[in-house]
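Scroll down for the structure; my scribbles are underneath it.
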């Protein structure tokens, strides 16, 4: 990861509402006069977009606005943020791209303890974390479900069945 800016620990992660991964097209297609079209990779690092939604308290929204301006450079810089993907919740490099002419939309709502702010935007992800090619080869060649079941069984045995003190 090449970024030094991180999403603040004091702010929540995005909610599941509206969350989705939208990979961008990384293939260039050329139609031929005769025969099938040719396709090739456009580049090796294909960005993805993730529409996100946060639910902030008044205080959290104030922190978000300040962080966006001073640390996020109003959407101009990449930052590290934990997001949900195929490998679970892992750190991604993201930046704000927004929707339309606005980098994000903030809507106040009444809450039990004061105003609640619903903030929506779209993040661009530089490169989504995925299995390495070597790890993929292992997963495709081996019984991963059986391996995971064995690991879970071993974990249970060690932490619940064995004595907690040394012999």
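Brief remarks follow.
- Tallying residues that are assigned by TED's automatic domain parsing to the domain that holds residue 64 and over 30 Å from residue 3 (Cβ atoms) within segment 110-167 yields 6.
- Failed item in (1) within 16 Å of the chain's Cα centre (by Cα); (2) at pLDDT 85 or above, with residue 1 passing the rest: (2)
- Among the residues making up segment 70-79, those that are at negative phi and buried (at least 16 other Cβ atoms within 10 Å of the Cβ) are 72, 78, 79.
- Residue in segment 125-139 that is surrounded by 12 or more Cβ atoms within 10 Å (Cβ to Cβ) and under 27 Å from residue 65 (Cβ atoms) present: yes
- Of the residues making up segment 93-105, those that are without any contact (Cβ under 8 Å) to a residue 40 or more places away in the chain and buried (at least 17 other Cβ atoms within 10 Å of the Cβ) number 4.
- When segment 11-69 is filtered for residues that are surrounded by 14 or more Cβ atoms within 10 Å (Cβ to Cβ), in a strand (DSSP E or B) and within 19 Å of the chain's Cα centre (by Cα), the ones remaining, listed by number, are 48, 49, 50, 51, 52, 53, 54, 55, 56.
- Some residue of segment 33-55 being in contact with a helix residue (DSSP H, G or I) (Cβ under 7 Å, 6 or more places away or on another chain), in the same structural domain as residue 10 (by TED's automatic domain parsing) and under 14 Å from residue 7 (Cβ atoms): no
The values are calculated or read from the model by the stated rules, or taken from the named source; none is laboratory data. Here the structure is a predicted model, which means the values were calculated and not measured. Heads up, the Cβs are rebuilt from the backbone with ideal geometry, glycines too, and the neighbour counts pull from every protein chain shown.
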